[in-house]
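All of the numbers you see were taken from the coordinates with simple rules; none came from a lab. Because the structure is predicted, anything quoted here is derived from the model rather than measured. Neighbour counts run over all protein chains shown; Cβ positions are idealised from the backbone, glycine included.
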Amino acid sequence: MSIKSIGITNQRETTVAWSKSTGKPLYNAIVWQDTRTQDICDELIADRAFQVFLKKPDYLLLLIFLYLRFYGLYAMFLILKSL
């Protein structure tokens, strides 16, 4: 059997926060397909004021996506800290 084709992909826009002192991650990384911030996304989509941002240039959307990833990390950090 011979290989007819091969596909290569990568995880895009993975976000991780780590401890400056230990160099270890504070929590699991959030990847571009992550669903842990789905509730936040649903709330934003339902918010009429947020609809304005969806009509803005791409760079604003990138900032929103970055915000969602770090907000998700922060929320998970608060949960872990309270345990």
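Taking each DSSP H run with n ≥ 4 as -39500 (n - 2.57) and averaging over every residue of the chain yields -14500 deg cm²/dmol at 222 nm. Phi angles of the range 66-77 translate, via the Karplus equation with coefficients 6.51, -1.76, 1.60 and θ = phi - 60°, into HN-Hα couplings of 5, 4, 4, 5, 6, 5, x, 4, 5, 4, 5, 4 Hz per residue; Gly and Pro are given as x. Where in the range 37-53 is the amide nitrogen less than 18 Å from a point lying 7 Å along the Cα-to-Cβ axis of Leu66? Label zone hits: 53. Could you give the longest part of the chain that holds none of the trypsin sites (Lys or Arg not before Pro) found in DSSP loops with at most 14 neighbouring Cβ atoms within 10 Å? Longest stretch, sites excluded: 21-54.
The modelled label-to-label distance between Thr15 and Leu80, using points 7 Å beyond Cα along the C-beta direction, is 1.6 nm.
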